[in-house]
Every structure is written in C-alpha cells, then in structure tokens.
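K.L.:
Shown below is the structure under consideration.
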Amino acid sequence: MDTKIGSIDACKPTNGDVCSPTNGSVATIHDTSVPASGISVGSSEATLGRHLGRRLVQAGVRDIFTLNAGYAADGYARSRGVGACVVTFTVGGLSVLNAIAGAYSENLPVICIVGGPNSNDFGTNRILHHTIGLPDFTQELRCFQTVTCYQMHMNRSTRPSQQLLKKASLYISISCNLAATPHPTFIRDPVPFSLTPSHLEFLNKAVKPVIVGGVKLRVAKATDAFVQLADASGYAMAVMPSAKGLVPENHPHFIGTYWGAVSTPFCSEIVESADAYIFAGPIFNDYSSVGYSLLLKKEKAIVVHPDRVTVANGQTFGCVLMSEFFTELAKRVKRNETAYENYHRIFVPQGKPIACKAKEPLRVNTMFQHIQKMLSSETAVIAETGDSWFNCQKLKLPKGCGYEFQMQYGSIGWSVGATLGYAQAVPEKRVLAFIGDGSFK
Ligand SMILES: Cc1ncc(C[n+]2csc(CCOP(=O)(O)OP(=O)(O)O)c2C)c(N)n1
C-alpha cells in the first residue's frame, strides 16, 4: 500500500502552518491504492502526520482546501461525504469559522485542520504571531467548540483515528513540530458496532402510511437504505425542502416536496392526511415548518435520526443506525400503496408559463423552464440563499442530477466557494450555480 500525502508530506511546517499548497487553494492527496478494509504501513510511515493523512484518505478525502476555503470543503463534503480544509492557527481558523458553522448546521462532516503552535511553546507564556497577542493558545479551540462535534489539540499523547472515522465535523489542531512524530498506534483501525430494532406493528396497522426524507439522510449515509424501504413498502415518498437532492425525484412513488402550506401541489394533502409517517432525519426549524405551521401529529410519526428512533411520540430507541433500521424494516414491512394511489387520483400536472411576447423582459418562469431542460444526470444545481432557493426548489430533478443548498445556515456567499469545491469533487458533472447579485458580491 502506498498512500502518498502530496503536499503534506512535502511540507516542512516550521512557520506554524501545516502546509502551503503550490496552487494556493487546493492540495491534492495522491492515493495510489487504498484497500477496502485495513491499512498496513511500515513503521517508518507510522508518523502522526502520515497517520492523519491516511485517515483522511480512508474517510474519503482526496483534496484539501486551504486559504480559508471552508465553503469549498463544505461543497466537497456534499458530494464526497467528507471535506477538509487546512488553515493557519487563529488567523486562518477564525476566518474559516463561519464556513465551519454553516457546514455543522447542515450536518456535513467537514474537518478543519489547524497548524497549531509548537508543542514546546505551550506553558511558556510566549506571544505568537497570527494571534490576538495574548499568550492563550486555547482561544481558537474554544471558538470551535460550539460549531464542531469534536475538538482536539494533537500532542504526543492524543491520536485522532476514532474521532475521524465517526465522520462528524471536527477541529484538529496539530503542533507544527509534531507531524513527523512516530507511534505504533497510528496504524490501528477502529472497531464498528450497531443495533437494529423494528417498529412493524405501528406501520403495518396504518391505512395510508407515507415516508418523508429529511436532511440528516446525508450524515446518516442512509439514502440508499431509504430508497430500499420506499421500494419495499410501496409508501408514497416525499422529501423535505432541505433534503432536495438526497431523494430520487424520478422514483415511481415520489409525490414531491413536503413543506407544509408551500409544498409542491397535492403533496401536503397526502402527507398530512396520512395516519402514519416515517420522517427520515428531519430538521423542523422555522423555515422547514413554515413558521411552525405544519399539520402533523407526533403520535402518528416514526422519527428516525442518524442514531436513534422515536415511535409515536413515545419511546426513543438509542444506538440504532438509520441505514440499518431502514434495511431491516424493508425486509419485513407490509406493502401498502394506498397513499400513493390517493395521490395519483388527485394529481394534476403543472401548467406551462405563458409564452413571452416580443420585447417583453425575460421572466423568471420562462428562464427556469429552459433551465429545467438543461438538467440531466450529468449536471448538479447549487442554489444560493435568497430568491434562488425558491426558484430552484421548483426544479424537477432528473435521475442522478445533484442538488445542494445551505438551508439551515443560509449564509450568503456560501455557494460561490461551495461550487468550486463541489466541481472539484465531481469534475465529470456540469455544475449550475444560481446566485443573486448581492450574494455573489
Ligand atoms: C452572511 C449573511 N449575511 C446576511 C444575510 C441575510 N440575507 C439573506 S438574503 C440576503 C440578500 C441576498 O441578495 P441577493 O443575493 O441579491 O439575492 P436575491 O435578491 O436574488 O434574493 C441577505 C443580505 C445572510 N443570509 N448571510
């Protein structure tokens, strides 16, 4: 096995930065062969820096973004399942904080690696450049505490492997003089574990159950299992607005976006009149609940989170992985297509915008009619906060067409960097970014 960490290996971190890639924004990790399970390395390669690099490769990272390109790491994580950026201690870390907060709000595993102070400087009361001028090396880590799942400063007694493989958003600061530190434990793999309950009775006695995809499908890596359950159950399948792009809209039982009073036509009627609904990884905030006006009853819901399940507003079962729960449920659930048949019975296809007259200014509905025709499995849509959100929500995504937006955090300007990162992650796709002029600036 030969896993080379291009820029990180070549880097001599004498100035406090972990590395400075030659192109200024993207460092590529060259991965010549990563075995599916287990990585064996020679003892000379079992250093802290190489260990971190190998763990990143194992988690799916092939490119690392720098120069505060946190939005690019966000865009990359949306496609690859994990993104990473490397920044300078404090001056870089505090700049990238907003992008990391945004990624955290969307449950995106973005790993922020910081070239931390020399381990010999801790406890000396020295003042470092690129800081606010106080001999306090914890300021940056404390800032990251509320916007990442885990924070660590790597010194001689800590190792990142367990935390990295959880694929949560992380802050990792590494003393700049320690990247070459060797230790035999840097070659060990973590041990996985899981549990699987089922809630068949509640679903099987329902007359017209539905299934609704939420944004945490991504962090749970459960989109395939979700579709497996939709296929097996025959339930009508809807998507919440923030999960658009995570659920196949070409699925035979897809009934549209469930967004309360502003759902796509005929979708809310079916969801809100169901007597049982499975919500897969939902976030009910003021946006997604249309100001908390959804006509749902918790007693009718099975709410599935990445690691727990709550049934009918009653018991919560912990240590249950969403993907395993769906896979097991798919094997046992009773098929029931009633809700989809009801939808089919009432559905009327949408109309077409009125044709433009000569010299009439271009209308949004006409423009999006053309954009709709451009979409295919070879494209992806990135929608910025603002009008673009609402216009792009109405697009019908063909099979394989990507779709990303930052609904929870809604930081304008996000889409510019995220488009770069997404395009870098999926070079074979044509990425269409919809950005208002205010956000683009
Ligand atoms: C970083 C940040 N600052 C402020 C806002 C509040 N905000 C939301 S939309 C918006 C205006 C966006 O303007 P534009 O990009 O032109 O969008 P459009 O007019 O197409 O809606 C602002 C300032 C925000 N979401 N993020």
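K.L.:
What net charge do the residues around Asn391 carry, taking every other residue with its C-beta under 12 Å from that of Asn391, with Lys and Arg at +1 and Asp and Glu at -1?
P.N.:
Values: positive: Arg363, Lys394; negative: Glu384, Asp387.
Its environment carries a net charge of 0.
K.L.:
State which entries of Lys297/Lys334; Lys244/Lys334; Lys297/Lys441; Lys300/Lys429; Lys205/Lys352; Lys357/Lys396 exceed 31 angstrom in Cα-Cα distance in the structure shown. Intermediate values should be presented prior to the final figure.
P.N.:
Working: Lys297/Lys334 22 Å; Lys244/Lys334 27 Å; Lys297/Lys441 43 Å; Lys300/Lys429 40 Å; Lys205/Lys352 41 Å; Lys357/Lys396 26 Å.
Beyond 31 Å: Lys297/Lys441; Lys300/Lys429; Lys205/Lys352.
K.L.:
Here's another thing I want to ask about it. For the range 197-346, compute Rh as the Kirkwood radius over C-alpha pairs and then the Stokes-Einstein diffusion coefficient at 4 °C and 1.567 mPa s; write the answer in µm²/s, rounded to an integer.
P.N.:
Numbers: Rh = 14.8 Å.
D = 87 µm²/s.
K.L.:
Rounded to two decimals, what is the ratio between the C-alpha radius of gyration of the range 253-315 and 2.2 N^0.38 Å? Before the final figure, lay out the partial values.
P.N.:
Values: Rg = 11.7 Å, N = 63, 2.2 N^0.38 = 10.6 Å.
Against the compact-globule rule of thumb, the ratio is 1.10.
K.L.:
Rounded to whole Å and ordered largest first, report the semi-axes of the equivalent ellipsoid of the range 364-434 derived from its Cα gyration tensor (root of 5λ). Don't skip to the end; give the middle numbers.
P.N.:
Details: eigenvalues 62, 56, 17 Å².
For the range 364-434, the semi-axes come out at 18, 17, 9 Å.
K.L.:
Take the alpha-carbon centre of the range 121-155, take the same for the range 234-300, and report the distance between them in whole Å.
P.N.:
43
K.L.:
A follow-up question, please. Say each of Thr138 and Lys352 gets a label point 7 Å from the Cα, pointing the same way as Cα to Cβ; how far apart are those two points in nm?
P.N.:
For Thr138 paired with Lys352, the spin-label model returns 6.7 nm.
K.L.:
When a footprinting reagent is the concern and you count Cβ atoms within 10 Å, what order do Asp74, Asp275, Asp286 take, fewest first? Walk me through the numbers on the way to the answer.
P.N.:
Values: Asp74 31, Asp275 14, Asp286 9.
Starting with the residue having the fewest Cβ neighbours, the order is Asp286, Asp275, Asp74.
K.L.:
Which of Phe202, Phe144 comes first, and how do the rest follow, when ranked by fewest Cβ neighbours within 10 Å? List each step's numbers first, then the result.
P.N.:
Details: Phe202 17, Phe144 24.
Fewest-to-most Cβ neighbours within 10 Å comes out as Phe202, Phe144.
K.L.:
Take every Cα-Cα distance within the range 296-393, group them into 5 Å bins from 0 onward, and report for each bin the whole-number percent of pairs it holds.
P.N.:
Histogram of Cα-Cα distances, whole percents per bin: 2, 8, 10, 11, 12, 13, 15, 12, 7, 4, 3, 1, 0.
K.L.:
When Asp121, Asp63, Asp224, Asp231 are ordered from fewest to most other Cβ atoms inside 10 Å of their Cβ, what list results?
P.N.:
Details: Asp121 18, Asp63 21, Asp224 12, Asp231 15.
So the ranking, lowest neighbour count to highest, is Asp224, Asp231, Asp121, Asp63.
K.L.:
Also, I was wondering about something else. Straight-line reach from Lys208: which aspartates and glutamates fall under 13 Å, measuring Cα to Cα and dropping same-chain residues less than 8 apart?
P.N.:
Partners within reach: Glu269, Glu272, Asp275, Glu337, Glu341.
Computed from the coordinates by the stated procedures, all read-outs in this text should not be read as laboratory data. Since we're looking at a predicted model, the values are computed, not measured. Backbone-built Cβ (ideal geometry, glycine too); neighbour counts: all protein chains shown.
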